[in-house]
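Novice: Would you mind keeping the following structure in view while I ask a few things?
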Amino acid sequence: MSATRTNATVPWLYNITVEDSNWIITSAFMIFTMQTGFGMLESGCVSIKNEVNIMMKNVVDIVLGGLTYWIFGFAVSFGRSEFNNGFIALGDFCIDPSADNPLKGAIFAAFLFQLSFATTATTIVSGAMAERCNFKAYCMFSFFNTIIYCIPAGWIWGEHGFLKKLGAVDIAGSGAVHLLGGSASLASALMLGPRLGRYDNGQGPLPLGNPVNAVMGLFVLWWGWLAFNSGSTYGLSGEKWQYAAQAAVTTMMSSFGGGTVSILYTMIRLGGRIDALDIINGILGSLVSITAGCFLYQGWEALIIGVIGALLVCTSMPLIDSIKIDDPVGASAVHGVGGIWGILAVGIFAQSPEPLDTTNGRNGLIKGGGWYLMGVQALTVLCIGSWGVCSTILMLWGINKMIPIRMDVHQELLGADITEHLVRHSQVGVSRALSAFRAVLDTKEADNLNSVGTNPFHEKHLGLVKLLALKRRRLSRISRIVSRNQNLGVKKVKWIFPKWKQSVKDAAKQDIASKEGVTLAWVH
């Protein structure tokens with residue numbers, strides 16, 4: 001298929017060329033790397049005794065969230081059925097086109113691309129629930145959260161969606177992905193309550209568990225965001241390749257503006273010092289802000305959008321803490337507040353991308369487009385934000401009836417890594433916590449765990465080495481004693497085949513003798 005399909009009965013999602021599908025699939029691969037970025041960022045923001053738990057939640061988001069997206073998620077967003085309505089689609093469950101389906105390739109490409117968006121939306125929430133959410137309850141949440149994301153995604157991108165029919169514009173998901181994820185994060189933080197002692201000494205931020213990991217996560221997300229936005233041209237055929245390039249440039253321009261103002265903000269706030277989380281979240285906020293209209297803006301407009309988005313995010317984080325809503329990574333601010341501004345920015349700055357029909361020919365306020373587009377964008381914010389908060393609260397309430405969503409006190413104090421995943425860290429307070437609970441809690445299993453990053457069997461042998469060294473044994477003697485009755489791989493062959501061992505020694509002696517000019521008779 002070398003040209004775009006013109007059949008009016010083919011949904012826009014499958015109306016692509018071979019060249020388009022190459023771009024879509026490649027972009028989907030890149031977007032999946034954002035899971036690594038989210039995992040590194042979130043694990044870097046929490047205490048070390050919970051970092052494995054965070055990474056496991058990101059794994060669960062892909063595995064369980066991806067499974068449910070295949071079963072019903074894609075169907076309620078983009079399914080083809082006579083029962084579709086403006087609220088939900090009801091076709092193509094467990095999508096698996098037949099070998100002779102002419103749209104087979106297009107369906108697979110579309111599913112993979114939309115799957116990468118769906119798993120990203122769920123992952124946003126995991127950071128807001130960090131350090132006090134029961135892992136088993138989170139697995140249930142991840143399994144069913146697909147429905148929370150996919151219904152509003154259909155409103156904006158599905159052919160049945162009422163917002164799409166009204167003319168709402170959200171190219172790459174400031175609303176459908178980020179505002180939805182941010183509002184769900186806010187609801188999750190409300191339902192779980194703050195971490196133990198979070199506000200005992202004021203509202204100041206807690207120390208990051210691993211700031212380097214958090215910054216590395218930012219870089220990976222930055223990379224993935226280029227595919228997130230450029231890939232949302234949904235191909236390269238016709239004029240789309242030009243807008244894909246424009247989306248990449250505006251994405252970077254927005255992050256330049258957001259990063260610059262974040263540096264200034266944190267230096268003013270801290271009297272010349274720089275807080276890593278301010279800069280990380282400021283840049284992420286600018287990226288979220290540009291996402292809805294990524295190829296509808298000029299460079300200077302993208303710069304302004306990024307500056308405003310970063311300022312809104314950086315100033316909203318302490319406001320959220322002031323009402324004691326504990327969001328460890330700032331997801332509510334970054335994705336919620338940034339997503340609101342990103343959707344509204346389309347109504348202000350958008351320029352219709354001729355000949356594409358992305359905005360249905362409408363322009364933003366400063367381009368003389370009037371108030372209609374702005375009104376539709378505001379309605380989009382209201383609908384998605386309300387849906388995200390209400391549906392998440394309802395889902396967590398239901399899950400809590402089956403499995404408590406909040407960790408027990410002792411689990412939170414010990415850390416999720418040791419209580420949920422049998423991973424014990426050293427020098428991060430775990431041993432002290434075990435000691436405190438030992439009188440009232442069976443800690444035998446935890447006490448017998450070895451600290452992560454150590455080899456306990458080497459420790460045993462090192463004790464023997466120290467004893468022998470104190471007795472003035474030579475290194476060769478110590479090595480023989482320590483390795484006695486041990487299988488040392490290729491060295492074991494020498495005593496399994498003693499004749500071979502002797503022949504090797506003889507050959508070595510002959511080689512030495514020949515080099516030294518000594519007669520073989522002397523060797524023997």
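Novice: Quick check: anything in region 361-383 in contact (Cβ under 8 Å) with a residue 60 or more places away in the chain, in contact with a Lys or Arg (Cβ under 9 Å, 6 or more places away or on another chain) and open to solvent by 50 Å² or more (accessible area, probe 1.4 Å)?
Specialist: For region 361-383, residues in contact (Cβ under 8 Å) with a residue 60 or more places away in the chain, in contact with a Lys or Arg (Cβ under 9 Å, 6 or more places away or on another chain) and open to solvent by 50 Å² or more (accessible area, probe 1.4 Å): present.
Novice: Which residue pairs have Cβ atoms closer than 7 Å, lie 6 or more positions apart in sequence or on different chains, and pair a first residue in region 394-410 that is within 12 Å of Met191 (Cα to Cα) with a second residue that is of a type in the set (Ser, Thr, Tyr)?
Specialist: Leu396/Ser188
Novice: Now for a separate question. In region 385-427, what residues are farther than 21 Å from Phe135 by Cα and not in a helix (DSSP H, G or I)?
Specialist: Correct list: Ser426, Gln427.
Novice: Is it fair to say Val59 is under 24 Å from Ile124 (Cα atoms), among the β-branched types (Val, Ile, Thr), assigned to a helix (DSSP H, G or I) and touching a Gly at 6+ places or on another chain (Cβ under 9 Å)?
Specialist: yes
Novice: Residues of region 440-475 being open to solvent by less than 70 Å² (accessible area, probe 1.4 Å), within 30 Å of Lys49 (Cα to Cα) and at pLDDT 70 or above, which ones?
Specialist: Filtering region 440-475 down to residues open to solvent by less than 70 Å² (accessible area, probe 1.4 Å) leaves 441, 443, 446-447, 449, 451, 455-456, 461, 463-465, 468-469.
Then drop every residue that is not within 30 Å of Lys49 (Cα to Cα), which leaves 441, 443, 446-447, 449, 451, 455-456, 461, 463.
Residues satisfying the conditions are Leu441, Thr443, Ala446, Asp447, Leu449, Ser451, Pro456, His461, Gly463.
Novice: Let me ask something additional. Kindly provide the set of residues from region 6-33 that are open to solvent by less than 10 Å² (accessible area, probe 1.4 Å) and closer than 14 Å to Gly231 by Cα, ordered by number.
Specialist: Matches in region 6-33: Leu13, Ile16, Asp20, Ile24, Ser27, Ala28, Ile31.
Novice: A follow-up question, please. Residue pairs, Cβ under 6 Å, 6 or more apart or interchain, first in region 431-454 and within 11 Å of Ile418 (Cα to Cα), second of a type in the set (D, E, K, R) and surrounded by 14 or more Cβ atoms within 10 Å (Cβ to Cβ). List them.
Specialist: Leu449/Arg424; Ser451/Arg424
Novice: Based on what the data block shows, is Ile478 more than 41 Å from the chain's Cα centre (by Cα), surrounded by 15 or more Cβ atoms within 10 Å (Cβ to Cβ) and modelled with pLDDT of 75 or more?
Specialist: Yes: the conditions hold for Ile478.
Novice: Now for a different question. For region 249-304, which positions are in contact with a Cys (Cβ under 9 Å, 6 or more places away or on another chain), open to solvent by 30 Å² or more (accessible area, probe 1.4 Å) and more than 17 Å from Val337 (Cβ to Cβ)?
Specialist: Within region 249-304, just Arg269 meets the criteria.
Novice: Output the number of residues of region 38-61 satisfying the condition of being over 19 Å from Ser426 (Cβ atoms) and charged (D, E, K, R).
Specialist: 3
Novice: Just one of the numbered conditions (1) open to solvent by less than 40 Å² (accessible area, probe 1.4 Å); (2) small (Gly, Ala, Ser); (3) not in a helix (DSSP H, G or I) is not true of Gly39; which one?
Specialist: So Gly39 meets the others, but not (3).
Novice: Could you please tell me which pairs satisfy a Cβ distance under 6 Å, a separation of 6+ or placement on different chains, a first residue in region 260-286 that is over 27 Å from Leu179 (Cα atoms), and a second residue that is open to solvent by less than 70 Å² (accessible area, probe 1.4 Å) and not aliphatic (A, V, I, L, M)?
Specialist: Ile274/Thr266
Novice: Across region 262-302, what is the total count of residues that are of a type in the set (A, V, I, L, M) and farther than 30 Å from Phe117 by Cβ?
Specialist: Total meeting the criteria: 6.
Novice: Quick check on my filter: what residues within region 196-206 are modelled with pLDDT of 90 or more and in contact with a helix residue (DSSP H, G or I) (Cβ under 7 Å, 6 or more places away or on another chain)?
Specialist: Leu196
Novice: Let me ask something else about it. Which one of Gln203, Gln114 is closer than 22 Å to Gly224 by Cα and of a type outside the set (A, V, I, L, M, F, W, C)?
Specialist: Among Gln203, Gln114, only Gln114 is closer than 22 Å to Gly224 by Cα and of a type outside the set (A, V, I, L, M, F, W, C).
The values are calculated or read from the model by the stated rules, or taken from the named source; none is laboratory data. Just so it is clear, the model here is predicted, and its values are computed rather than measured. Every residue, glycine as well, gets a Cβ built from its backbone with ideal geometry; the counts of neighbours run over all protein chains shown. Heads up: the accessible areas ignore ligands, DNA and RNA and are worked out on the full protein's heavy atoms, side chains in. Shrake-Rupley method; radii C 1.70, N 1.55, O 1.52, S 1.80 Å.
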